[in-house]
Amino acid sequence: MPSKRPAPEPPEPLSPLVDAHTHLDACGATDAESVAAMVDRAAAVGVGRVVTIADDLDAARFAVRAAHWDQRVYAAVALHPTRANALDDAAKRELERLAADPRVVAVGETGLDYYWPGKLDGCAGIEDQIEGFRWHIELAKSLGKPLMIHNREADHDLLAVLLDEGAPDTVIFHCFSSDANMAQACVAEGYVLSFSGTVSFKNAHELREAAKLVPDEQILVETDAPFLTPHPFRGAPNEPYCLPYTVRALAELRDQDPAELAKITTANAMRVYGMYF
Ligand SMILES: [Zn+2]
Ligand SMILES: [Zn+2]
């Protein structure tokens, strides 16, 4: 969450880039003006498009509004796995309505989070999470939109539910945080892996190995702002304009030219989200 560390300096521009997963509302945007200001800061360093993600109903309503206020913003809507216990009939009807909006380019973030149950008050239990995940998979399939996965310590069950339910054509693992084995399993299924600032953390050895083996056609980049600020600003508030730091760290890891990786990930984002420029 927002901390006392000062905001990172703007990076050297790197263009073109798409922030494949961010939370503009949690970064502090509240209206058309503050959304535009945040995207202006991102665009100034080459991040020309952002996908803002919902984790609850309020955030879903906001994400869709933001995507209509500003054509550089796209939305994804869902109830986060830790909130799957709030997925009653009224919530389902509203999510169905919101997800059908043409500015919504994915259903998410959904998936499984086995870290928080038992630690966080009111957190959905595993049964509710699996049921909610299945519902969101069906929603993505019925709309023909990508599924945006949140996975925390649930590698095995995630793959099992996707296989059992039948995965949508496009599945994106946001903030991929697993090891090389899981990356290989996802790549083999044709899933897309999105990397956040955590790949820049030097102690994330397994994740950094995983990031090396993802083919160019299956990789995206994201901030997941305001969380997960890249090295060397760990703990400072994150925003979409910080994305070039992560892309440069990822490019170094993959032995790629950062400008080339920017082009590759942007082409992937346009393809999987069906964005137009
Ligand atoms: Zn997440
Ligand atoms: Zn997120």
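Any read-out appearing in this document is the output of simple, stated calculations on the displayed coordinates, not a laboratory observation. Predicted model only: the values in this text are computed from it and were never measured. For neighbour counting, all protein chains shown are included, and Cβ atoms are generated from backbone atoms with ideal geometry for every residue, glycine included.
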Q | Exposed-site-free run, longest, the chain (rule: trypsin sites (Lys or Arg not before Pro); DSSP loop; at most 14 other C-beta within 10 Å) | A | 5-118
(Q) Given an 8 Å cut-off on Cα distances and at least 6 residues of separation, report the relative contact order of the chain as a percent. (A) 22 percent
Q) Between rounded, prolate and oblate, where does the stretch 1-124 land on the alpha carbon gyration tensor, with a ≥ b ≥ c its root eigenvalues, rounded for a/c under 1.5, else prolate if a/b exceeds b/c? A) oblate
(Q) Check which residues have an amide H placed less than 5 Å from Gly48's amide H, if you skip close sequence neighbours. (A) Leu17
Q | Sum of side-chain charges, Arg65 neighbourhood, beta-carbon under 12 Å (Lys, Arg +1; Asp, Glu -1) | A | -3
(Q) Tell me which DSSP H helices of the chain clear both cut-offs, 20 Å or more of axial length from alpha-carbon atoms and a mean Kyte-Doolittle hydropathy of at least -0.5. (A) 126-143, 258-273
Q: Consider a paramagnetic label point 7 Å from the Cα of Lys92 along Cα→Cβ; state which residues of the stretch 103-133 have an amide N under 11 Å from it.
A: 132
Q. Using only the Cα atoms of the chain, what do you get for the radius of gyration and for Dmax, in Å?
A. 17.1, 49
Q. Given a cut-off of under 8 Å on Cα pairs at least six residues apart, what relative contact order in percent is computed for the stretch 59-102?
A. 39 percent
